[in-house]
Amino acid sequence: MRDIMFDIETTGLEPMQDRITCISIGLPDGAVGSFAEEDEVHLLKSFIDCLQPGDRLVHFNGATFDVPFLIKRCVINNVIIKKFDSLDLRNLTNGVEYDEKNAFKKGKLALWAEKLGIKVDTPDGSNMQYLYMKGDWDEIKRHCEEDVMITRALYNRCREVRLI
């Protein structure tokens, strides 16, 4: 089983009307890469093609956003999905499932970056729609890959303290 760090960027928060603009992954060997392009179907297929049987996608808040968004966009675009496992570091570090009524528990990836001593160099995710409209694929990829690197750092810390 490979643990693959995973993050997506989208044009908004509604998978039935918005789309995925970028999927970034961090491989076990430390390599980080992105799928980012105008053709969402090709982007989704390219990402799915890189998955191997038994891979586990490791993410932050992916259980409530990234994974459902990805699945819905694959269904909408008729893209065959491979089976994968999933680990949400937000849920893991909270010790509970995310609950809208207890929003104080949810945490943000940027806060974990700060606590782990990682400088955040890119605009936050709320700027991704603007960057998409501008056609700034490089900045979208840079932000998504930065999130993957922060996720990897949090994952490594969770392994160090034997949470994983």
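Per-structure values
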| read-out | value |
| --- | --- |
| Selection within segment 110-164 - of a type in the set (S, T, N, Q) and in a helix (DSSP H, G or I) | Ser126, Asn127, Gln129, Thr151, Asn156 |
| Residue list for segment 1-19, filter: more than 13 Å from His59 (Cα to Cα) and in a strand (DSSP E or B) | Thr10 |
| Test: His42 is within 12 Å of the chain's Cα centre (by Cα) and not aliphatic (A, V, I, L, M) | no |
| Inter-residue pairs, beta-carbon under 6 Å, first farther than 11 Å from Phe35 by Cα and in segment 132-143, second crowded, with 18+ Cβ neighbours inside 10 Å and at pLDDT 95 or above, 6+ apart | Tyr132/Thr21 |
| Complete set of residues in segment 44-62 that are exposed (fewer than 14 other Cβ atoms within 10 Å of the Cβ) and either on the phi > 0 side of the Ramachandran plot or acidic (Asp, Glu) (or both) | Asp49, Gly54 |
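The values are calculated or read from the model by the stated rules, or taken from the named source; none is laboratory data. Remember, it's a predicted structure, so these values are computed and weren't measured experimentally. Heads up, the Cβs are rebuilt from the backbone with ideal geometry, glycines too, and the neighbour counts pull from every protein chain shown.
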